[in-house]
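Step one of this worksheet: look at the structure below.
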Amino acid sequence: NDARVKNREAVTAAVEGAFADLDSEEVLAKLSEAGIPAGVVRTLDEVYEWDQALSQGLKIKVDHPVVGDMDLAGPVLRFFDGGEEGEVETTFSEHKAPPVLNADSEAIRAWLDGEA
């Protein structure tokens, strides 16, 4: 690592030169052939349109009182209960839109004052 850091410019030039004529799919295929785990770095727009993210519920739709329907990031962790009826997903699923300014201030003040 020390040598790689010392020679960063040369290493960067060598890597860029080796991959300059390849598109990302070709680079990923070569890395896979070499047994090197790698993947595409996606933009947020790409992530939320990616089949895997959609199939895992990582994009949820909520109704916001001001802007209407909006997409949000869904839960990244899933929870399951292996009860008598088999495995049942228990992940929280009653998602709400972000609150508008001061939407909860009265309840929070009451809680802070010990009234709740």
Exercise for the section: Starting from the stretch 68-88, keep only residues that are without any contact (Cβ under 8 Å) to a residue 12 or more places away in the chain, then list their pairs with residues that are part of a strand (DSSP E or B) and loosely packed, with under 10 Cβ neighbours inside 10 Å whose Cβ atoms are within a distance under 9 Å, requiring at least 6 positions of separation or different chains. Expected result: 80/87; 81/87; 88/82
Practice task
Kindly indicate whether residue 45 is open to solvent by 80 Å² or more (accessible area, probe 1.4 Å), closer than 30 Å to residue 94 by Cβ and under 12 Å from the mean Cα position of the chain (by Cα).
Solution key: yes
Practice task
Being over 17 Å from residue 27 (Cβ atoms) and polar (S, T, N, Q) is the filter; apply it to the stretch 1-17 and report the residue that is most open to solvent (accessible area, probe 1.4 Å).
Solution key: 1
Problem - Conditions (1) over 29 Å from residue 24 (Cα atoms); (2) in a helix (DSSP H, G or I); number of the one not met by residue 45 - result: (1)
Handout entry: Failed item, numbered, when residue 35 is tested on (1) in contact with a helix residue (DSSP H, G or I) (Cβ under 9 Å, 6 or more places away or on another chain); (2) loosely packed, with under 12 Cβ neighbours inside 10 Å; (3) modelled with pLDDT of 90 or more
Key = (1)
Exercise for the section: State all residues of the stretch 48-71 that are open to solvent by less than 50 Å² (accessible area, probe 1.4 Å) and under 15 Å from the mean Cα position of the chain (by Cα); if no residue qualifies, say none. Expected result: 53, 57, 60
Exercise for the section: Residue by residue through the stretch 56-115, note down the ones that are at pLDDT 85 or above, on the phi > 0 side of the Ramachandran plot and not in a loop (DSSP other than H, G, I, E, B). Expected result: 68
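The values are calculated or read from the model by the stated rules, or taken from the named source; none is laboratory data. On a predicted model such as this, the values are computed, not experimentally measured, just so you know. Glycine gets a Cβ as well: all are built from the backbone with ideal geometry, and neighbour counts include every protein chain shown. All accessible areas refer to the heavy atoms of the entire protein, side chains included, with ligands and DNA or RNA removed. Shrake-Rupley method; radii C 1.70, N 1.55, O 1.52, S 1.80 Å.
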